[in-house]
1. Residues Leu129, Leu54, Leu84, Leu61: which one is within 23 Å of Leu16 (Cβ to Cβ), in contact (Cβ under 8 Å) with a residue 60 or more places away in the chain and touching a strand residue (DSSP E or B) at 6+ places or on another chain (Cβ under 8 Å)?
2. Let me spell it out: the conditions are (1) out of contact with any helix residue (DSSP H, G or I) (no Cβ under 6 Å at 6 or more places or on another chain); (2) among the small types (Gly, Ala, Ser); (3) open to solvent by less than 40 Å² (accessible area, probe 1.4 Å), and Ala49 meets all of them except one. Which number is the exception?
3. Exactly one of (1) under 16 Å from Gly90 (Cα atoms); (2) open to solvent by less than 50 Å² (accessible area, probe 1.4 Å); (3) of a type outside the set (Gly, Ala, Ser); (4) assigned to a loop (DSSP other than H, G, I, E, B) is unmet by Phe173. Its number?
4. Being open to solvent by 20 Å² or more (accessible area, probe 1.4 Å) and either modelled with pLDDT under 95 or in a loop (DSSP other than H, G, I, E, B) (or both) is the filter here; which residues of the stretch 17-33 pass it?
5. Which numbered condition in (1) within 30 Å of Asp156 (Cα to Cα); (2) at pLDDT 95 or above; (3) of a type in the set (A, V, I, L, M, F, W, C); (4) crowded, with 17+ Cβ neighbours inside 10 Å is the only one that Val60 fails?
6. Take the residues of the stretch 90-147 that are in a strand (DSSP E or B), aliphatic (A, V, I, L, M) and surrounded by fewer than 19 Cβ atoms within 10 Å (Cβ to Cβ): which is farthest from the chain's Cα centre (by Cα)?
7. Being within 12 Å of Tyr62 (Cα to Cα) and not in a strand (DSSP E or B) is the filter here; which residues of the stretch 1-16 pass it?
8. Do any strands (runs of 3 or more DSSP E) lying entirely in the stretch 44-84 carry at least 2 residues that are more than 20 Å from Gly132 (Cβ to Cβ), and which ones are they?
Amino acid sequence: GDGITSMVLNEDDAVLWIGGGFGVQALDVRNGSEVTHIPKSSAAFTGNADPVQLLIHEDVLYHRPWVGNGDRIHRIDVTNETALESLDAGVPLGISGFAWGMGIVDDHLLVSATAWPDTTNGGLARWSLSDGNWTTTITPEGGVDEMEVLTDTRGDVWIAAGDLALVRFDSNFTE
């Protein structure tokens with residue numbers, strides 16, 4: 001459908017990005033006006049599925065499709081409204097499967113991904129936002145799926161992903 005499936009505020013909280021069957025749209029939260037609309041038919045919108053999760057870092061909008069649509073994270077340069085190369089989260093994990101969730105911690109995009117149908121085969125892929133490369137992965141015991149990630153005021157990272165109980169890592173991702 002054309003319903004809203006995801007929302008995220010940009011880093012200065014001035015623009016609300018919404019995603020859904022229509023693609024992605026940016027709204028100025030101060031006056032409610034549309035800033036831009038990137039329909040799914042646009043060359044800037046890669047992947048054909050509705051974006052179920054949105055994240056923004058600097059001027060790049062990351063969108064993840066529904067779980068059954070693969071393990072790619074799609075990216076849009078929102079300043080130029082152009083597509084950037086999609087990130088295949090299965091590659092650093094050595095799998096082909098599904099992306100279940102994503103989060104940004106400091107300078108890294110974390111993506112939980114598993115093979116299908118074996119959801120115990122997977123982990124958390126880490127994409128360096130500063131140098132544009134996959135870095136070390138986190139492969140917990142048991143399976144991963146939907147993921148939540150939070151950084152506290154001390155810089156510790158808290159991750160919950162499926163069978164992975166709440167785990168705390170320091171700022172270097174050491175348990």
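The values are calculated or read from the model by the stated rules, or taken from the named source; none is laboratory data. Note that the structure is a prediction, hence the values are computed from the model and not measured. For neighbour counting, all protein chains shown are included, and Cβ atoms are generated from backbone atoms with ideal geometry for every residue, glycine included. Heads up: the accessible areas ignore ligands, DNA and RNA and are worked out on the full protein's heavy atoms, side chains in. Shrake-Rupley method; radii C 1.70, N 1.55, O 1.52, S 1.80 Å.
1. Details: Leu54 fails: in contact (Cβ under 8 Å) with a residue 60 or more places away in the chain; Leu84 fails: in contact (Cβ under 8 Å) with a residue 60 or more places away in the chain; Leu61 fails: in contact (Cβ under 8 Å) with a residue 60 or more places away in the chain.
Every option except Leu129 fails the conditions.
2. (1)
3. (1)
4. Selection gives Phe22, Val29, Arg30, Asn31, Gly32, Ser33.
5. All conditions pass for Val60, except number (4).
6. Residues of the stretch 90-147 in a strand (DSSP E or B): 97-105, 108-115, 122-128, 133-134, 138, 147.
If we keep only those that are aliphatic (A, V, I, L, M) as well, we get 99, 102, 104-105, 109-111, 113, 115, 124-125, 138, 147.
Adding the requirement that they be surrounded by fewer than 19 Cβ atoms within 10 Å (Cβ to Cβ) leaves 104, 115.
Working: Ile104: 8, Ala115: 17 Å.
Per the criteria, the residue is Ala115.
7. Listed by number, the list holds a single entry, Asn10.
8. Fully inside the stretch 44-84 and qualifying: 51-57.
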